[in-house]
Each structure stands twice: as C-alpha cells, then as structure tokens.
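Just below is one structure, and these are the notes that go with it.
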Amino acid sequence: MSISTMSVQQTSCFQFKASFLPCTILQIIRYDLKEIEQQLITTLNKAPNFFTGSPIIIDIEKIKTVETIHFSFLKHLLIKNGFIPIGIRGGSDAHKNVAHQEGLPLFPMNNLSTPSKTMNAPHFQPAKIISTPIRSGMQIYAKESDLIVTSAVSAGAELFSDGHIHVYGTLRGRALAGVQGNKEAKIFCRSLEAELISIAGHYLTKEDIQALSIPEGMMQIYLNNDQIQIGSI
C-alpha cells in the first residue's frame, strides 16, 4: 500500500478540528501567545479564504493547568483574522469565569470529537445511496450510516456521514466522515479534488491535499494516530 501522510508537528501550539456543527474548534495544545499568533497567520496564508467569517470555539481543555489565559488577546486575534469567537470549552472554573467576562460563553465538552453512543452497531442503519450528481450548495447527511455516491460531487457541495463515505465519481467539495466521532470511518474515492476532507474532526484542506503525493486509482482516506493518511487500495 502506498501511503501519504499529513503530520502535525509536535511543536505546534494548536490544531484546527472540523465539526459537523457550523463552527470551527481552535484546540489549544500549548499556551504560547506569540507562537499561536504566528502559527495562525501561517495557517491562514495557506487557505486565505477558507475560514473567513467562521464561528469558532476556543478549546482550552489541554491547557487547563495554565493559571492565567488571556482570553481578550485570543478573542481579538481571532476577530482580526476573520473568525467570529462564540465561546470556549474545557478549562477550570476560574478560566470559565474570566472567559464569561470577555463575552465567551461555555460550550460542553461532549461534542463531535467524542464518539456518540449512536455509533454502536445495533443502531447503525443501511447505507444511504445517492445515484444523482451532488451539485454545488447541496448538503447530504447519512445519519448513523455510510454514504455512497455513485456520481460526481461538485465544488461547493458537502457530504456528511456518521460512517464511511464512498464516491465513485470525482470528489470535489467537502467530505466529512465519522462526524459523530467515529475514528474508524474512512473516505473512499478514485479521483480526489476536494476542498476539504475530514475524519472524526481531523481534516486536510485543498492546499494540504495538493502538497501530498496522491496515489492513482481507487484510494482510501483514514486516520492513523489522529493523522489523516491517504493510501491506495
């Protein structure tokens, strides 16, 4: 199997996680405001229009031992770069009080990055099959099942599935598999020209994909150690 891997450097301060909710999650991994700002600028330069106007939640669970978090700085940094901060999740009670004073309400931790009970096999439904082209602006969601598209997916279209996604035509637009947190979900396709691919909240943008060596023929997209990999079948 030929595999291409997109890795997140261990020195990164944060990572973005895609969500089935209409928002982005900024998961802060290491608290260094200067490095966070620089990494944000670098990330946005790779996809300058991708996040513009996106609602965003600041996840501070991994830095909850940090005594003081400057929410005002983070909030204005995100606004300056085109995001709309709508709240935080995780952290200590002291963090939540300070965030609230900055107009950042608390969101619960039990969200899409945590596997849902509905993913248990007895509740999984037969695959949802779409045989017509998926046009720009269309959204298809396969709840508690796999999604199979036998035609092409246009740029601007969006595919969501709690399980796997299979596309037998050209895959453009966005494809998000395992949206309820199923890390075993995969995306299968034979022609990858997507704007975004995501497995259980971990994602690659079009610019990331173009930087990889994509195998010819039928391929699978999956997670390995929380990193997206693309390999031939």
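The values are calculated or read from the model by the stated rules, or taken from the named source; none is laboratory data. Computed from a predicted structure; not experimentally measured. Reconstructed Cβ throughout: ideal geometry from the backbone, glycine too, with neighbour counts over all protein chains shown.
Scanning for something free of Cβ contacts under 8 Å to residues at least 24 places away in the same chain and assigned to a helix (DSSP H, G or I), does the stretch 55-68 turn up at least one residue?
Checking the stretch 55-68: not a single residue is free of Cβ contacts under 8 Å to residues at least 24 places away in the same chain and assigned to a helix (DSSP H, G or I).
Tell me the residue from Leu204, Leu212, Leu192, Leu147 that is under 17 Å from the mean Cα position of the chain (by Cα) and of a type outside the set (Lys, Arg), please.
Criteria check complete, one pass: Leu204.
Restricting to the stretch 137-161, what's the tally of residues that are surrounded by 13 or more Cβ atoms within 10 Å (Cβ to Cβ) and modelled with pLDDT under 95?
14
So Ile230 ticks every box in (1) part of a loop (DSSP other than H, G, I, E, B); (2) buried (at least 20 other Cβ atoms within 10 Å of the Cβ); (3) modelled with pLDDT of 90 or more but one. Which box is left unticked?
Result: Ile230 passes all but (1).
Hey, could you check the stretch 32-54 for residues that are touching a residue at least 60 places away in the same chain (Cβ under 8 Å) and of a type outside the set (Gly, Ala, Ser) and say which is nearest to Leu104 (Cα to Cα)?
Phe50
Just to be sure before I move on: is Ser198 in contact (Cβ under 8 Å) with a residue 24 or more places away in the chain and either charged (D, E, K, R) or more than 27 Å from Thr42 (Cα to Cα) (or both) in the structure I sent?
no
Taking Arg190 as meeting all but one of (1) within 16 Å of Ile140 (Cβ to Cβ); (2) part of a strand (DSSP E or B); (3) not small (Gly, Ala, Ser), write down the number of the exception.
It fails just one condition, (1).
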